[in-house]
Amino acid sequence: MKKSPPPDERLETMSDAYKELLEKALERARQTGTALHHAVSEIRAEAAAVGKAGEKEVVELERWVQRDLTDAASYLAQTGKDLKYWLGFDTVLIERAFWDMFSEAADKTATEQLKFKIQADAAGYHTGELVGLGTLVCDHCGQLLHFHKPGHIPPCPNCGGTHFLRQSFD
């Protein structure tokens, strides 16, 4: 039976693997133009990207890196404040190279989220298309159409409009 490393050594290994996973994913995203969250998933599959971490730990690392980047990117997008405020402590306490890399990755993630939102908003929904669940709003008169299961989008029952946007609670 394989003996587990001591907790301090495991933590150091996971910390190094986190940095390496983020660094390699950012490098791949820069080189290929791949969205960063896809690059993280692609890199996870490469054993070299995570050093001594096992498969279960690699899956956790991917989830944690994605979570941190998404949280940081959401903070940037929602507040417009510098990422250092997201931390809750002074950036002087962070290894500079890692901070630079994480900041770039968070900025890239925020940019990708914004592009996706703009594309989704611009695309809209049209009569005759299939929609899953949710509420659509007629772009012409504001009439709400509720979809509790997938179905084809009809013309607006109020004005006959054919273009709709998604309505959410926010």
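Laboratory data are not the source of any read-out in this text; all were calculated from the coordinates shown. Values in this document were obtained by computation on a predicted structure and should not be read as measured data. Reconstructed Cβ throughout: ideal geometry from the backbone, glycine too, with neighbour counts over all protein chains shown.
Do any trypsin sites (Lys or Arg not before Pro) in the range 74-123 lie in a loop, going by DSSP, with at most 16 other beta-carbon atoms within 10 Å of their beta carbon, and if so which? Can you show the working numbers first?
Values: sites: LYS81, LYS84, ARG96, LYS108, LYS115, LYS117; in loops: LYS81.
Passing sites in the range 74-123 are LYS81.
Once the Cα-Cα distance is subtracted from the 0.36 nm per residue extended length, the HIS148 to ARG63 segment shows a gain of 27.6 nm. Each label was represented as a point 7 Å from its Cα along the Cα-to-Cβ direction; for GLU27 and ILE94 these points are 2.1 nm apart. Within the range 69-170, the chymotrypsin sites (Phe, Trp or Tyr not before Pro) that combine a DSSP coil assignment with at most 14 other C-beta atoms in a 10 angstrom radius are PHE89, PHE169.
What is the gain in length, in nm to one decimal, between LYS117 and ALA77 on full extension, counting 0.36 nm per residue of separation less the C-alpha to C-alpha distance? Intermediate results must be reported in sequence, preceding the final value.
Values: separation 40, 0.36 × 40 = 14.40 nm, distance 1.14 nm.
Stretched out fully, the LYS117 to ALA77 stretch lengthens by 13.3 nm.
For a 30 Å ceiling on Cα separation, which of these pairs sit above it: LYS56/LYS117; LYS56/LYS81; LYS19/LYS117? Display every interim value, and only then the final one.
On the way: LYS56/LYS117 32 Å; LYS56/LYS81 35 Å; LYS19/LYS117 28 Å.
Violating the 30 Å limit, Cα to Cα: LYS56/LYS117; LYS56/LYS81.
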